[in-house]
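Chemist: Following this message is one structure expressed as structure tokens.
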Amino acid sequence: MTAHPAKIVVVGNEKGGSGKTTVAMHLAIGLLRRGVALGTVDLDSHQQSLSRYLGNRRIWCRDNAVSLVLPEHRLIEASSQDSRSAAYRQDLQSLNDGLAALGDRCDVILLDCPAGDGALSRAAHSLADVLVTPLNDSFVDLDPLLQFRPGNLQVLALGSYFRMLWELRNERHRDGRPAFDWIVLRNRLSGLADQNKRTLTHILGKVAPIMRFRLAAGLGERIIFRQLFQQGLTLFDIDEPGTSFPSTHSHEAARNELGVLLDVLCGNGLATDDALVGLTQAE
């Protein structure tokens, strides 16, 4: 395992459609605007969403003669090895090479992971200092963390994504490395205070100390997030000259939510080290 001087922030979730790339892009630009020397790594060589987002930003800046902050960026190709163990070793080497190319110039390197449990995603999670997991407000999206008995809130099993994280935590402990700081970000929250939202608020608040994650306040569902990708812009660019989109109350509220997330990301502390024994008997 190669040591890197930069702090590694991973945006990851096994579940697709959770808004990982949108969150990663906003975190990257927000940290850059705070003066952090930051690099980004796209681990989804199939969709290349973060690479496309940054590419749109470069083109938009060129076409509009505007200068906006941009991170140093790398796209990592996934291994084509058939063997899982061989693919993991090759992916880890490719990832380490990419991080080494950025590490001397960056204080923070942010990795955007693909959905699924591929070798490259697991390798990235194994290196994380901070893990940010966007989580949409539904039991479908909660399922990779916890699985519940139909009709009530008794936990039947740990989800596949959480089992992977638990294995990596144990590996880090055996290697004498500190645990990663895990931040679960509630994403695409409805403005309505419905029963589903109240139930998930209760569940996540109850399990956070046991599963050892910090719960961030979350981002509301807003149309603007669907529009920014095509221009390569973020809500942190609202005040930049020439960005050509209005600063509305909704946009300001969303930017404030993102600012709170940046504050959480830069904070300290992890939840307690209590074992998971008994969680599956929770009511």
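Chemist: If the convex hull of the alpha-carbon atoms of region 1-155 is projected onto planes in all directions, what is the mean projected area in square nanometres?
Modeler: Average of the hull's projected areas for region 1-155 equals 11.0 nm².
Chemist: Sequence neighbours fewer than 8 away in the same chain don't count; with that in mind, list the lysines whose C-alpha is under 23 Å from Lys20.
Modeler: Lys7, Lys197
Chemist: What is the set of long-range amide H partners of Val41 at a cut-off below 5 Å, with H atoms built 1.01 Å from backbone N?
Modeler: Those lying under 5 Å, H to H, from Val41 are Arg74, Leu110, Leu111, Asp112.
Chemist: Between region 40-101 and region 221-252, how many Å separate their Cα centres?
Modeler: Each part reduced to its Cα centre gives a spacing of 24 Å.
Chemist: Please work out which option in (1) 54, 39, 37; (2) 59, 47, 34; (3) 65, 62, 34 gives Cα extents along the principal axes in Å calculated from these coordinates, and answer with its label.
Modeler: Here Cα extents along the principal axes in Å agrees with entry (2).
Chemist: Can you tell me which of Asn56, Asn136, Asn170 moves the most in a GNM of the chain? Springs connect C-alpha atoms under 10 Å apart.
Modeler: Asn170
Chemist: How big, on average over all directions, is the shadow cast by the Cα convex hull of region 123-171, in nm²?
Modeler: Over every viewing direction, the Cα hull of region 123-171 projects on average to 4.0 nm².
Chemist: Count the net charge of all other residues whose Cβ sits under 9 Å from the Cβ of Leu233, scoring Lys and Arg as +1 and Asp and Glu as -1.
Modeler: Neighbour charge sum, excluding Leu233 itself: -1.
Chemist: Sticking with this structure for a sec: State the percent of C-alpha pairs, over all pairs in region 124-259, separated by a distance greater than 25 angstrom.
Modeler: 41 percent
Chemist: Please list, or write none, the aspartates and glutamates whose alpha carbon is within less than 15 Å of the alpha carbon of Lys15, excluding same-chain residues fewer than 8 places away.
Modeler: Asp44, Asp112, Asp117, Asp137, Asp141, Asp143
FYI, it's all coordinate maths here, none of it is from the lab. Note that this is a predicted model, so its numbers are computed, not measured. Ideal geometry is used to build each Cβ from the backbone, glycine not excepted, and the neighbour counts take in all protein chains shown.
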